Structure formats: C-alpha cells, structure tokens
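The block underneath contains the structure these notes are about, expressed in structure tokens.
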Amino acid sequence: MKHPPISALTVMLAAAILAAATLAARGRAQEPPQSPQTVAITIRHSRFAPARFTFRRGVTVRFVITNTDPIDHEFILGDESVQRRHETGTEPVHDRVPGEVSVPAGTQAETTYTFSRSGALLIGCHASGHYAYGMRGWVRIVN
C-alpha cells in the first residue's frame, strides 16, 4: 500500500504544535506556587462572621480571625471526627495544627489550611458549651 507523500507544510505544522506543547508544559512546571488566599473572619457574640465558605480543591487559605468578644474562643477546621475529638478533648491551646487556632478575647490569630479534597468541612469553637450553642460554620470544597 502506498502512502501519500508528506508535505513540508504538514511537517512544519506538526513541529509547531509539538514546540507549543513543550513550551506550555515547561511554563506550568516553572510557575511559582500561588500565595495563600486570605480570608478575614470576625467573632462577635459567639458567632463566626462569615460562617460559610466555598473554596476550590487545592487552594491554600490563610484565615485571619479577630475575636471582638470579651471571652476566649477557638477556630477548629475539620471533619465531624475532628469536631467530636475537640468537643470532648482537653487541649487548652491550639496553634500547631493547620486549621486550628486559639483566639483569646480581644485578639487576632491566624491559621493556614490547604483544601486537598473535595467535600465539606466544619468550623467550630469548642470552648465550654460554644459548639452546642451554635458557634460553628462550614466550608464546601469544590473541584
């Protein structure tokens, strides 16, 4: 079976497509990591404001939490098992785990969290009785 001759134009077009794909791949590999997105949250009257968020999977968020109340609070981001553990736990201070931070009265604290999976997470304060009172929120993570 004879094959039709390959024209010079076809060869040049194929080479151009291959070169463009290679440059695009290199460009993605060399892109610097994105800076965290910053979200401000205010605690007032034992409530988070805002209390509902939607982020894309893979994004890193820096939460800056300002406690305007005269009592201490905490910001705990995690699934239901994390919230249950903190509700029954005895950790007096949070500052080492991403998404968990203590926020003393009249202060500001921050924590950074990378949303690696789609789904939903909860935000809660587990100071005595606060979670049961309704001091909670949620985060939806989309693709």
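Test of understanding: what is the full-extension gain from T60 to T90, defined as 0.36 nm times their sequence separation minus their Cα-Cα distance?
Roughly 8.0 nm would be gained on extension.
Largest first, how would L121, L77 line up by accessible area (1.4 Å probe)?
Sorted descending by solvent-accessible area, the residues read L121, L77.
Between T112 and W138, with labels modelled 7 Å along Cα→Cβ, what's the label distance in nm to one decimal, could you check?
The two pseudo-label positions are separated by 2.9 nm.
Sticking to Cα atoms, compute the Rg of the range 102-143 to one decimal and its Dmax as the biggest Cα-Cα distance, whole number, in Å.
Calculated on Cα positions, Rg and Dmax stand at 12.7, 36 Å.
Enumerate the amide H contacts of T42 below 5 Å, restricted to partners 5 or more residues apart or on another chain; note that Pro and chain-start residues carry no placed amide H.
So T42 has HN proximity to A49, T66.
Starting at the first residue of the range 96-105, write each ³J(HN,Hα) from the Karplus equation 6.51 cos²θ - 1.76 cosθ + 1.60 with θ = phi - 60°, in whole Hz, x for Gly and Pro.
Each residue of the range 96-105 in turn: 10, 9, x, x, 10, 7, 7, 10, x, 3 Hz.
The values are calculated or read from the model by the stated rules, or taken from the named source; none is laboratory data. This one's a predicted model, so the numbers in the text were calculated from it and none came from an experiment. Because the Cβ atoms are built from the backbone with ideal geometry, glycine has one as well, and the counts that use them run over all protein chains shown. When the accessible area is computed, the model is the full protein with side chains, heavy atoms only, and any ligands, DNA or RNA have been set aside. Shrake-Rupley method; radii C 1.70, N 1.55, O 1.52, S 1.80 Å.
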